[in-house]
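Only the coordinates and a few stated rules stand behind these numbers; no lab work does. Everything numeric here is computed off the predicted structure, so don't read it as measured data. Cβ sites come from the backbone with ideal geometry, for glycine too, and all protein chains shown count toward neighbours.
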Amino acid sequence: MGSRLPLFPEQGSALAGEVDTFYFFMLAVSAFFSVLIAGLVIYFAVRYRRRSENQRGEAIHGGMTLEIAWMVIPFFLTMIMFFWSAKLFVRISRPPDDAMEIYAVGKQWMWKLQHKEGQREINELHIPLGQAVRLKMTSEDVIHSFYVPVFRTKMDVLPGRYTTTWFKPTKTGKFHLFCAEYCGTKHSGMIGWVHVMEPNEYQAWLAGGAEEGTLATRGSKLFQDLACINCHRPDGKGRGPSLEGLFGDRIDLEDGEKAVVDEGYLRESILSPQARLAKGYPPIMPTFQGLVTEDQLLQLIEYIKNTEKKTKPGAAPAAKR
Ligand code: CUA
């Protein structure tokens, strides 16, 4: 309904309609009460104005019906807002299982995007129509915020950790991408375009160029170049744990805690290896802080994600996430 109003962005994602409906509900409730209260203030001021010098107001000691009404009606209205927005919030924060993943890195002042197939883009994002896309995002410097108005998507991008957002485009075309968090002199220039393409066009676009191979291939090369492979040997006989098929597992830590091997854990273990050390291994790994960029970290993570668990004979095959 919003797309017909001027100054209102069109709806370009599966959730946009619901976000707008909720927005207009809030707007309608606020407008109704603003008008009602302002109107009554003016009406009462005129109706009950002091008419002569020695006029005294009547003492009123309350009215139960009125008291109950102005407690119960706002209570139900706010509960509707609470449950509706909570439901929407959960849907917005949980990407569907079939979402394809794309990595985004924000830096002063650009967006860098990496597709698993190997394509890398700056301030442009090509995605297929009707396919849910999950963005795993981080920042190289300060806080940015990934904002695509037509998708009704806005998510902060933080240095030192990964945040996630997702959307399912429902319209082909070229849509604005903004940074929605003030991040320095050229914050206003940290903009780009999202290109939503027909799936076959997207496939054609993907096929054209990524000479350096997929992200996982590049990660694998880095894994050799940085000599990670010397300790993290696939056969498990190195000085560090084998990382084959480790992604998604719950592992024991040296301090007795447990950790799930996700993007955040892997990133931390590369930059601060001793922060959450895997049980049974000595604290000998050097930090790679300053030696790998955020893009390279994502490539390494993507490589580790893509390794297959070596199943021992007789063992049940590992469940992959
Ligand atoms: Cu990045 Cu504002």
Radius, Kirkwood style, for the chain when every pair of distinct Cα atoms is counted (Å): 23.8 Å
D (Stokes-Einstein, µm²/s), Kirkwood Cα radius, region 215-305, 1.306 mPa s at 10 °C: 121 µm²/s
Derived scalar couplings ³J(HN,Hα) [region 137-150; Karplus, 6.51 cos²θ - 1.76 cosθ + 1.60; whole Hz; x for Gly, Pro]: 10, 8, 10, 8, 9, 10, 6, 10, 9, 7, 9, 10, x, 5
Kyte-Doolittle at least -1.0, axis length at least 24 Å by Cα - qualifying DSSP helices, the chain: 16-47, 64-93
Diffusion constant of region 162-246 at 10 °C, which comes from Stokes-Einstein with the Kirkwood Cα-pair radius and 1.306 mPa s, µm²/s: 92 µm²/s
295, 255 arranged by Cβ crowding within 10 Å, fewest neighbours leading: 255, 295
More than 16 Å apart - percent of Cα-Cα pairs taken over region 96-202: 54 percent
Under-5 Å amide H pairs with residue 157, H placed in peptide plane, nonlocal only: 144, 145, 146
Top of 123, 230, 306 by mean-square fluctuation, Gaussian network on the chain, Cα under 10 Å: 230
Given 107/221; 168/221; 87/279, the pairs whose alpha carbons are separated by over 31 Å: 168/221; 87/279
Choice from 260, 29, 142 showing the highest fluctuation, given a GNM over the chain with Cα pairs closer than 10 Å: 29
